[in-house]
Amino acid sequence: MFDNQLEPDEVITVWQDRFATQRADAANDGKSDGQVLYELNCARCHTPQFSAKGSHEQPTGSSVEILAGQDGAGGYGRPLSKASLLEQFPDPADQIDFVSSGANQDVPYGTRGLGNYGMPGFGTFLTDEEIEDIVMYVRTLSPDPNVTSVAGDEIEPLAAESEVEE
């Protein structure tokens, strides 16, 4: 093992501590454990602009606030919705197993999936109950395809060179 890698039990401790911190954050009041766990573990791939969210300084000196899109609307990872997941995994236990073990290249999963190593297995550091919480949460999602991630106030473009004072 490399010196900069965590031992498996250390990974579990780190992720459990992150979950406890997020669960205690007042911004997460009213969210289910499944939603908080989804945001910690799944949203970076399955929610548009999730990793880019926050305040960003622009070259003009102004800043813009990036807001993530709808949970499960897709991004790097496929969209997740109640309708698609009920078709792909009619039995939630099959989806729980898939989230736990992840995808393997060219190995079928669910009713019509074919793995490509894009989906990691979360069973090495999340408990079966936590994975079930995530699965039950995403099986309730109904993203609106007409809604995308948004940025805050638009920034006025820089003046064209011909408009700049001489």
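The values are calculated or read from the model by the stated rules, or taken from the named source; none is laboratory data. For clarity, every value in this text was computed on a predicted model and none was experimentally measured. Note that each Cβ is placed from the backbone with ideal geometry, even for glycine, and that neighbours are counted across all protein chains shown.
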If you scan region 34-65, which residues turn out to be closer than 20 Å to D128 by Cβ, outside any loop (DSSP other than H, G, I, E, B) and in contact (Cβ under 8 Å) with a residue 40 or more places away in the chain?
-> G34, Q35, L37, Y38, N41
All but one of (1) farther than 14 Å from F122 by Cβ; (2) in contact with a helix residue (DSSP H, G or I) (Cβ under 8 Å, 6 or more places away or on another chain); (3) surrounded by 15 or more Cβ atoms within 10 Å (Cβ to Cβ); (4) of a type outside the set (D, E) hold for S32; which doesn't?
-> (3)
Qualifying residues in region 118-166 (those that are modelled with pLDDT of 85 or more and among the aliphatic types (A, V, I, L, M)) - the one surrounded by the fewest Cβ atoms within 10 Å (Cβ to Cβ) | M136
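Taking G115 as the residue in question, decide whether it is at positive phi and not acidic (D, E). Please lay out each step first, then the result.
Values: at positive phi: no; not acidic (D, E): yes.
So G115 fails the test.
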Would you mind telling me which numbered condition in (1) modelled with pLDDT of 85 or more; (2) assigned to a strand (DSSP E or B) S84 fails?
-> (2)
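Taking the stated definitions as given, is R78 surrounded by 12 or more Cβ atoms within 10 Å (Cβ to Cβ), charged (D, E, K, R) and outside any helix (DSSP H, G or I)? Outline the logic, then answer.
Values: surrounded by 12 or more Cβ atoms within 10 Å (Cβ to Cβ): yes; charged (D, E, K, R): yes; outside any helix (DSSP H, G or I): yes.
The answer is yes for R78.
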Given (1) surrounded by 14 or more Cβ atoms within 10 Å (Cβ to Cβ); (2) part of a helix (DSSP H, G or I); (3) at pLDDT 85 or above; (4) within 19 Å of the chain's Cα centre (by Cα), index of the condition W15 fails = (3)
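So for region 54-66 (the condition being of a type in the set (A, V, I, L, M) and at pLDDT below 90), does at least one residue qualify?
Initially, region 54-66 is screened for residues of a type in the set (A, V, I, L, M), giving 64, 66.
With the extra rule that they be at pLDDT below 90, the set shrinks to 64, 66.
Yes, region 54-66 contains at least one residue that is of a type in the set (A, V, I, L, M) and at pLDDT below 90.
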